[in-house]
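Enquirer: Just passing along the structure, written as structure tokens.
The values are calculated or read from the model by the stated rules, or taken from the named source; none is laboratory data. Nothing here was measured: the structure is a model prediction, and the numbers come from that model. Counting neighbours? That spans all protein chains shown, and the Cβs are built from the backbone with ideal geometry, glycine included. Just so you know, the surface numbers come from the protein's heavy atoms only, side chains and all, with ligands and any DNA or RNA stripped out. Shrake-Rupley method; radii C 1.70, N 1.55, O 1.52, S 1.80 Å.
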Amino acid sequence: MKHKSNILVSVIKHFVLICIAAIMVFPFVWMVSTSLKDTYAVYSYPPKFFSWPLEFANYQSVWTSLPFGAAFLNSLTITVLIVFFQLFTASMAAFSFAKLKFKGRETLFILILATMMIPEQVTMIPLFKMFTAANLIDTHWALILPGAFCYPFGVFMLRQFIKGLPDALMEAARIDGCSYPKIYYKIILPLSKSSIMALLIFSFLQNWNSFLYPLLFLNTQEKFTLPLMLNIFKGLYFTNWPVLMAAAGVVVIPVIIVYLIAQKYIIEGIAITGMKG
Amino acid sequence: MKGNKTESLYGYLFITPQIVGLTIFSIIPIISVFYLSFCQWDAVSDPIFVGVQNYIEEIKDPNFSKAALNTLLYSLIYIPGNIIIALLLAVAIKNIKGKTAYRLCYFLPAVTGSVAMSMIWLWILEPNAGIMNYFLSIFGIEKLNLLGNMATVIPTIGCIAVWYNVGYNVVIYIAGLEGIPGVYYEAAMIDGANPVTRFFKITLPMMSPTIFFTTIMTTIASFKVFDQVFVMTNGGPSKASYMYVLHIYDYGFKQFKMGQSSTAAVIFFVLLLILTIIQNIMSKRWVNYET
């Protein structure tokens, strides 16, 4: 008897979990389905999943009406530059805070912790003022510079990790005449690969999908990032749902493919960045 | 002695890029926003110092209280919704067949980007041909305009935000659950504790540091809500979904009242700080840090 009720519980559990999984996935399926219909088919009642023939022309109108290709390249360049420089400088600072002794180290580290508390929504007006004065509005630098050189969260996370590495490694290297930069890239970097990968994924997602700062700092279409271009597109094709869903698809489908391929690393990365509270 | 000198030299050298960046892009701006909050500034001419005038205007401003209340209401749905659902899902799929597949699905929305997912939901919830109304009609519910109705717009945006972000907390909670030693559960099972007791007596206390951390992160993220409302409703209908960051944006970058926008930003910053401090104090009462 007990065995039977266990099976029943397990079936109900899976049923509920599958329903929730369906809710998570369905909007994207519906996006693809809508993007392959013509303007009339989307209003058919009851709604159909696919209406033949499939309408691939929607994707063509997305591609020809706005420079989505350029936006993709812009997003990619900005994100890669930010992530590269931010991990490089943050890991260097983290190494220094974790292992090197110098005057004022603790005070400066508290400064890092304090800046972690400052949200970008609070500093957006002074930044706008600063970038206007420096003539950086409507350039990608306005996004790259703060992203690349202001990453207290990364410094904090990596410092926690590097602190846990044994001191003996570094001492031995010093005795062998290894210089500090060499210790950084020969010993510290390889050993913190897992944490750096985790941050890389976390930060890549964040910067790739970032919307507020591009919205504030970019004005001309050729310089737009993908989320910004998509937002403009929404204004242009309002109520033309098949084309709008094709545009959303152009933005979302590559991300989903990367996610499916690298899901193990992405999920592990998120778990690591979240756990160290 | 010479070694120490090189060590501190490199110590300073290695932190320089981040410290300089932090100073320019975070510390100077936060000082500057406090100063600007006491100024009148239209983004073109020089800021004029006006004292506390902006603060008096801001407190009296109905848009300020509207934005604050809306954000609070949204948070009351989003924060508990996100934390509780994430915890239940994590507990449910922890030791189950197909865990990886479930986790893959639950985290999927989080990677897709706020603008794209907002557009998809706009279409699903579209009042005339949206598929949500078709699903509702199966249950005999009349056509709804969930995003166009003042009473339903915030709960709807809150639910969408839970759908979008719950995966982060699910992933973090699963990692946390995997860290609880199995012997605790084995011992409890021998003592005849049922699943509910085990959840409240083992899982919750053991998970309390993780839950505390995610609650702070989720709270801060909740108050910062912007992208979804900007794309889906732009604060409407008649400011029913006018959120706080939208208020800062609106005053600063639409009406060019940069001074008052800075005032709103400073109030926001101070509120977030107070909130974090309160949560920290409260955490001492229920967070169980392993000794």
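Enquirer: Starting from the 7 Å offset along Cα-to-Cβ, what nm value, one decimal, do you get for the label separation of A:Ile261 and B:Leu9?
Expert: Simple spin-label model gives 4.5 nm for this pair.
Enquirer: Another question about this same structure. Express the carbon and sulfur contribution to the solvent-accessible surface of region B:181-243 as a percent, rounded to the nearest whole number, probe 1.4 angstrom.
Expert: About 67 percent, which is the carbon plus sulfur part of the accessible surface.
Enquirer: Report the full-extension gain for the segment A:Ile23 to A:Phe56: residue separation times 0.36 nm, less the Cα-Cα distance, to one decimal in nm.
Expert: Values: separation 33, 0.36 × 33 = 11.88 nm, distance 2.59 nm.
In short, 9.3 nm is gained.
Enquirer: Moving to a separate point now. Hey, in the GNM for chain B with a 10 angstrom Cα cutoff, which one of B:Ile190, B:Ile157, B:Ile84 fluctuates hardest?
Expert: B:Ile190
Enquirer: Dipole magnitude of the protein assembly as shown about its Cα centre, charges +1 at Lys/Arg Cβ and -1 at Asp/Glu Cβ only, in debye to the nearest 20?
Expert: That gives the protein assembly as shown a dipole magnitude of about 1340 debye.
Enquirer: If you scale each eigenvalue of the Cα gyration tensor by 5 and take the root, what three semi-axes come out for chain B, rounded to whole angstrom and sorted largest first?
Expert: Working through the eigenvalues yields semi-axes of 38, 33, 18 Å.
Enquirer: Right, next: Semi-axes of the equivalent ellipsoid for region B:182-284, please: Cα gyration tensor eigenvalues, times 5, square-rooted, ordered largest first, whole Å.
Expert: Semi-axes (√(5λ), whole Å): 43, 17, 8.
Enquirer: Would you kindly find the accessible area of B:Glu186, with a 1.4 Å probe and non-protein molecules such as ligands, DNA and RNA excluded, rounding to the nearest 10 Å²?
Expert: 110 Å²
Enquirer: In µm²/s, what is D for region A:222-277 at 25 °C and 0.890 mPa s, where D = kT/(6 pi eta Rh) by Stokes-Einstein and Rh is the Kirkwood radius from Cα pairs?
Expert: On the way: Rh = 13.5 Å.
Estimated via Stokes-Einstein, D reaches 182 µm²/s.
Enquirer: Next up: In debye, nearest 20, what is the charge dipole magnitude of chain A about its Cα centre with +1 on Lys and Arg Cβ and -1 on Asp and Glu Cβ, if you could check? Please report the intermediate quantities before stating the final value.
Expert: On the way: 20 positive and 10 negative charges, 185 e Å.
Approximately 880 debye in magnitude.
Enquirer: Estimate the FRET efficiency between B:Ile24 and A:Ala172 by the formula 1/(1 + (r/R0)^6), using the beta-carbon distance for r and 35 Å for R0, to the nearest 0.05.
Expert: Calculated transfer efficiency: 0.40.
Enquirer: Follow-up. Picking from A:Ala41, A:Trp241, A:Phe211, whose Cα lies most toward the positive end of the charge dipole for the protein assembly as shown (charges on Cβ: Lys, Arg +1; Asp, Glu -1)?
Expert: A:Phe211
Enquirer: Top mean-square fluctuation among B:Ser208, B:Ser32, B:Ser65, Gaussian network model of chain B, C-alpha springs under 10 Å?
Expert: For chain B, modelled as a Gaussian network with Cα springs under 10 Å, the answer is B:Ser32.
Enquirer: If you place +1 on the Cβ of every Lys and Arg, -1 on the Cβ of every Asp and Glu, and leave all else neutral, what size is the dipole of region B:18-133 about its Cα centre, to the nearest 20 Debye?
Expert: Here the size comes out at about 940 debye.
Enquirer: If you take every residue apart from B:Tyr251 with its C-beta less than 11 Å away from the C-beta of B:Tyr251, what net charge results, scoring Lys and Arg +1 and Asp and Glu -1?
Expert: -2
Enquirer: With r as the distance between the Cβ atoms of A:Asn240 and B:Glu178 and R0 = 45 Å, compute the FRET efficiency 1/(1 + (r/R0)^6) and round to 0.05.
Expert: Using R0 = 45 Å, I get an efficiency of 0.45.
Enquirer: Measure up A:Lys223/B:Lys66; A:Lys48/B:Lys224; A:Lys129/B:Lys239 against 30 Å on the Cα-Cα distance and list the ones that go over.
Expert: Violating the 30 Å limit, Cα to Cα: A:Lys223/B:Lys66; A:Lys48/B:Lys224.
Enquirer: Tell me which DSSP H helices of chain A clear both cut-offs, 27 Å or more of axial length from alpha-carbon atoms and a mean Kyte-Doolittle hydropathy of at least 1.6.
Expert: A:241-275
Enquirer: Calculate, for B:Leu275 and B:Tyr55, the FRET efficiency according to 1/(1 + (r/R0)^6) with r their C-beta to C-beta distance and R0 30 Å; round to the nearest 0.05.
Expert: 0.95
Enquirer: For chain A, modelled as a Gaussian network with Cα springs under 10 Å, which listed residue fluctuates most, A:Val83, A:Val122, A:Val42?
Expert: The residue that fluctuates most here is A:Val122.
Enquirer: Moving on to the next point. Rg and Dmax of chain A over Cα atoms: what are they, in angstrom?
Expert: Values for chain A (Cα only, Rg and Dmax): 24.2, 78 Å.
Enquirer: Keeping every protein chain present and rolling a 1.4 Å probe, give me the accessible area per residue for the protein assembly as shown in Å².
Expert: Values: 26540 Å² over 568 residues.
Averaged over the residues of the protein assembly as shown, the accessible area is 47 Å².
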